[in-house]
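Heads up: the structure comes next, in structure tokens.
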Amino acid sequence: MPRKLRVEYPGAIYHVMNRGDRREPIFKDDADRKRFLETLGEACAKTGWQVHALCLMPNHFHLVVETPGGNLVAGMKWFLGTYTARFNRCHKLFGHLFSGRYKALIVDGSGNGYLKTVCDYVHLNPARANLVRPRQALSAYLWSSWPEYMKPPSRRWPWLRLDRLLGEHLIPKDSAAGRRRLEEALEQRRLGAEGDAFKAIRRGWYFGGNSLKEELLEQIGQRASEHHYAEERRESGESQARGIVAEELKRLRWTDADLRERRKGDPKKVRIARRLRGETTMTLKWVARELHMGAWTNVSNLLSAAKRKS
């Protein structure tokens with residue numbers, strides 16, 4: 001099966017998730033959970049990672065981590081491999097503990113609320129899974145970074161970073177009052193509907209604004225090979241194709257309205273379509289839709305006719 005590209009750069013933030021093999025538990029007891037956290041702490045010390053949120057569930061984990069050194073892959077290889085070895089040694093087991101490759105969603109850390117939404121998603125996991133009762137505070141679930149957020153700085157895990165999340169909540173100071181405001185905000189979100197933002201976290205490869213996304217797509221387009229077919233590459237191809245359309249419209253001095261209103265078989269549209277088919281991997285259906293040329297079969301016939309004439 002094709003493997004997804006891992007996009008790494010200094011300062012990248014990821015929502016990382018991995019499940020147990022065959023969805024089996026990755027923790028047999030609290031000692032395993034402590035062992036996981038100790039191993040994560042060692043990984044942070046080795047890599048310089050900064051953790052913004054985490055949650056340990058029975059058969060999977062969520063981790064929101066920032067990588068100042070752009071070293072997610074190397075760090076995760078050590079972290080997951082070391083925890084698996086320690087788990088197996090403790091329980092006299094062998095073989096895989098985790099199921100395939102971990103998922104790593106790139107998160108926009110620009111301060112526009114994307115990090116806050118991802119951290120909320122992670123911290124709300126125990127409530128969604130009914131691991132805390134409706135009237136219990138979220139901080140009652142001990143195997144999450146949320147109880148750590150509620151503690152004074154001197155009592156927290158040294159590798160947990162709060163300032164970014166506090167900033168996105170417009171809380172100026174890591175004080176008792178500030179932490180109460182933070183807790184109230186998350187408990188309020190717990191009562192509301194999840195909305196579309198959480199869907200994007202579950203299904204996407206990137207969560208954020210368009211500016212950083214376009215930069216990432218350009219990087220992916222440069223790095224993609226025949227062995228990397230993924231959503232990232234598809235979006236990179238679309239970005240390239242739309243750039244060609246914009247370039248052609250500028251050359252023709254057409255607006256988007258002109259493109260919509262010109263007849264489906266306009267020779268200039270056919271010229272753009274030929275370029276798109278020659279220089280990108282976009283399908284006939286995509287070309288027909290973007291150039292307002294009707295059915296994809298019409299585009300195919302027009303391109304065949306143009307080829308015969310050339």
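The values are calculated or read from the model by the stated rules, or taken from the named source; none is laboratory data. Everything numeric here is computed off the predicted structure, so don't read it as measured data. FYI the Cβ positions are ideal-geometry reconstructions off the backbone, even for glycines, and counts take in every protein chain you see.
Data table
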read-out	value
When residues of region 158-198 are limited to those that are farther than 18 Å from PRO126 by Cβ and of a type in the set (Lys, Arg), the one surrounded by the fewest Cβ atoms within 10 Å (Cβ to Cβ)	LYS173
Scan of region 87-107 for residues that are polar (S, T, N, Q) and more than 25 Å from the chain's Cα centre (by Cα), ordered by number	ASN88
Scan of region 138-166 for residues that are in a helix (DSSP H, G or I) and farther than 18 Å from GLN188 by Cα, ordered by number	GLU148, PRO153, SER154, ARG155, ASP163, ARG164
Matching entry among GLY70, GLY109 (being touching a strand residue (DSSP E or B) at 6+ places or on another chain (Cβ under 8 Å), of a type outside the set (Asp, Glu) and on the phi > 0 side of the Ramachandran plot)	GLY70
Residues satisfying the stated conditions in region 69-83, i.e. in contact with a helix residue (DSSP H, G or I) (Cβ under 7 Å, 6 or more places away or on another chain) and assigned to a loop (DSSP other than H, G, I, E, B)	GLY69, ASN71
From the options CYS90, CYS119, CYS55, residue that is in contact with a strand residue (DSSP E or B) (Cβ under 7 Å, 6 or more places away or on another chain) and more than 26 Å from LEU217 (Cα to Cα)	CYS55
Odd one out for LYS28 among (1) of a type outside the set (A, V, I, L, M); (2) surrounded by 14 or more Cβ atoms within 10 Å (Cβ to Cβ); (3) not in a helix (DSSP H, G or I)	(2)
Residue match in region 190-208 (condition: closer than 29 Å to ALA273 by Cβ, modelled with pLDDT of 70 or more and outside the structural domain of LYS151 (by TED's automatic domain parsing))	no
Condition check for LYS264: basic (Lys, Arg) and in a loop (DSSP other than H, G, I, E, B)	yes
Criterion: more than 23 Å from the chain's Cα centre (by Cα), at negative phi and without any contact (Cβ under 8 Å) to a residue 12 or more places away in the chain - qualifying residue of GLU38, GLU24	GLU38
Residue in region 54-68 that is over 22 Å from LEU142 (Cβ atoms), assigned to a loop (DSSP other than H, G, I, E, B) and touching a Pro at 6+ places or on another chain (Cβ under 8 Å) present	yes
Residues of region 84-119 that turn out to be farther than 20 Å from THR67 by Cα and part of a helix (DSSP H, G or I), as a count	8
Members of region 134-183 that are farther than 22 Å from PHE27 by Cα, more than 25 Å from the chain's Cα centre (by Cα) and among the small types (Gly, Ala, Ser)	ALA137, SER154, SER175, ALA176, ALA177, GLY178
Hey, GLU8 acidic (Asp, Glu) and free of Cβ contacts under 8 Å to residues at least 60 places away in the same chain or not	no
